[in-house]
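J.: What follows is a structure written as structure tokens; I'll ask about it next.
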Amino acid sequence: MDVTKYKVTIEVIDILGNSKCSMNQKVGDSYNYPEDRGRLCPSSFYVLYPWIMVMLSGGSFHGSEEEDHMTTGCPDYKHQVVYKISRKVVEK
């Protein structure tokens, strides 16, 4: 059985509100999953994890025009951090 492997990257692309994250994340910060999961805000990781699993399994998002990335935000309603979750095929 041939299983495609993916590398998932999470990038901070915006911070709403006053542009200050309470966990000190900044636009441009980038994280690789699973290597950097301990560096991510725990609340954000809770929201991101299901989307990361979809990306790792090669799934796509209903209604999305792009299959290799998606965006979502953290649960902080005053200073929401917006993430872009991307995947790339890992060469075997």
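J.: For residue 17, indicate whether it is at positive phi and either over 11 Å from the mean Cα position of the chain (by Cα) or at pLDDT 95 or above (or both).
T.: yes
J.: How about segment 22-59: which of its residues are buried (at least 16 other Cβ atoms within 10 Å of the Cβ), out of contact with any strand residue (DSSP E or B) (no Cβ under 8 Å at 6 or more places or on another chain) and outside any helix (DSSP H, G or I)?
T.: none
J.: Just a yes or no: is a residue in segment 55-63 at negative phi and touching a Pro at 6+ places or on another chain (Cβ under 7 Å)?
T.: Taking every residue of segment 55-63 in turn, none turns out to be at negative phi and touching a Pro at 6+ places or on another chain (Cβ under 7 Å).
J.: Related question: Give me the pairs: first residue in segment 32-50 and of a type in the set (D, E, K, R), second residue in a helix (DSSP H, G or I), beta-carbon distance under 9 Å, and six or more apart or on different chains, which are they?
T.: Listed pairs, sorted by first residue: 37/45; 37/49; 37/52.
J.: Take the residues of segment 74-92 that are part of a strand (DSSP E or B) and in contact with a Phe, Trp or Tyr (Cβ under 7 Å, 6 or more places away or on another chain): which is farthest from residue 4 (Cα to Cα)?
T.: 85
The values are calculated or read from the model by the stated rules, or taken from the named source; none is laboratory data. Please read these numbers as outputs of a predicted model, since none were measured by experiment. Quick reminder, even Gly has a Cβ in these numbers, built from the backbone with ideal geometry, and neighbours come from all protein chains shown.
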